[in-house]
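Okay, structure first, notes after.
The values are calculated or read from the model by the stated rules, or taken from the named source; none is laboratory data. Bear in mind the structure is a predicted one, so any value in this text is a computation, not a measurement. No Cβ is skipped: glycine too gets one built from the backbone with ideal geometry, and neighbour counts run over all protein chains shown. Accessible surface is based on the protein model in full, side chains and every heavy atom, while ligands, DNA and RNA are left aside. Shrake-Rupley method; radii C 1.70, N 1.55, O 1.52, S 1.80 Å.
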Amino acid sequence: MNQHVIHGLRDGFPIAMGYLAVAFSLGIIAAKAGLTASEGFLSSFFTRASAGEYGTYTLVAVNAAYVEVVAMGLVANLRYMLMSAALSQRIAPGTSWVHRLLMACCITDEIFGISVAHPGYTPPAYTYSAALISTLFWASGCALGIMAGSLLPQPMVTALSVSLYGMFLAIIIPPARRNHNVMYALMASLLMSGMCAVAPVVSEWSSGMRTVVLTILISALAAWLKPIKMEEGSDGEA
């Protein structure tokens, strides 16, 4: 087990360093929403999702209803259910359900990536240690961002808050360039978001509720019109 812990810490450290920078930008957003450093640390420690946290903090900033915040978190983080199902195929058959549940709670995009890439079955200790060090850096980065947002001049805080949008662009542009269907869905989301902001009735909804509804509708329509076809031989065999 000690060897698995060491390997997990080793593989999780580069992820943790990247998390620190991204979470710092999230902390700037959280500071503008009125969260304290301790609140930001706890929320980031138990969430660990950039898109989900960004949506939550922006909704908190406008005093959105609890149901909108919950819906945003569910929609933004639904992909982790699929990742949990995929990771379950990489866990040794005799592993207890407690370990399986805890490993699912550790999943982020990056922790999932290194866990499924682990040779053979993925030991729980490996995932736990990688998730622990990356989570501590993620939560600390958010807390540091909140403290910086409370101390730095407002023009500098505004400039730093733009860095998070740069991260989102870096996430969506490469797949949009590789896959035209992703690009079409992205263009449709931008167009419909702008239209809904000025359309009768819909424009009276909060921005969070519009985002949730549009995300569900556009993703469902894209999956129906352009389903992803499984390649031959990709039946999950190891």
| task | Heavy atoms only, probe 1.4 Å: what % of the accessible area of the stretch 82-149 goes to carbon and sulfur, would you let me know? | result | 75 percent
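How long are the semi-axes of the equivalent ellipsoid of the stretch 55-117, defined as square roots of 5 times the Cα gyration tensor eigenvalues? Whole Å, largest first. Don't skip to the end; give the middle numbers.
Details: eigenvalues 183, 28, 15 Å².
Ellipsoid semi-axes (Å, largest first): 30, 12, 9.
Which order do the peptides 54-67, 122-135 come out in when sorted by mean C-beta neighbours inside 10 angstrom, highest first?
On the way: 54-67: 17.2, 122-135: 22.6.
Per-residue Cβ counts within 10 Å, averaged per peptide and sorted highest first, yield 122-135, 54-67.
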| Which whole-number percent is the relative contact order of the stretch 1-66 (Cα, under 8 Å, 6+ apart)? | 36 percent
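Hey, what's the per residue convex hull volume over the C-alpha atoms of the chain, in cubic angstrom?
Values: hull volume 36.1 nm³, N = 238.
Given the Cα convex hull of the chain, per-residue volume reads 152 Å³.
Per residue, how much accessible surface does the stretch 97-139 expose to a 1.4 Å probe? Answer in Å², no decimals.
Details: 1850 Å² over 43 residues.
About 43 Å² of surface per residue is accessible.
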| task | Per DSSP H run of at least 4 residues, take -39500 (n - 2.57); add these up for the chain, divide by its residues and hand me the 222 nm value, nearest 500 deg cm²/dmol. | result | -25500 deg cm²/dmol
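Using the Kyte-Doolittle scale, find the helices of the chain whose mean hydropathy is at least 0.5 and whose Cα atoms extend 30 Å or more along the helix's long axis, counting only whole DSSP H runs.
Details: long enough: 2-32 (42 Å, 0.76); 124-151 (40 Å, 1.12); 154-178 (38 Å, 0.96).
Helices meeting the span and hydropathy rule in the chain are 2-32, 124-151, 154-178.
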| note | Placing one equal point scatterer on each C-alpha of the stretch 22-66 and summing with Debye, one gets log10 I(q)/I(0) at q = 0.14, 0.20, 0.28, 0.30 Å⁻¹ equal to -0.26, -0.54, -1.08, -1.22
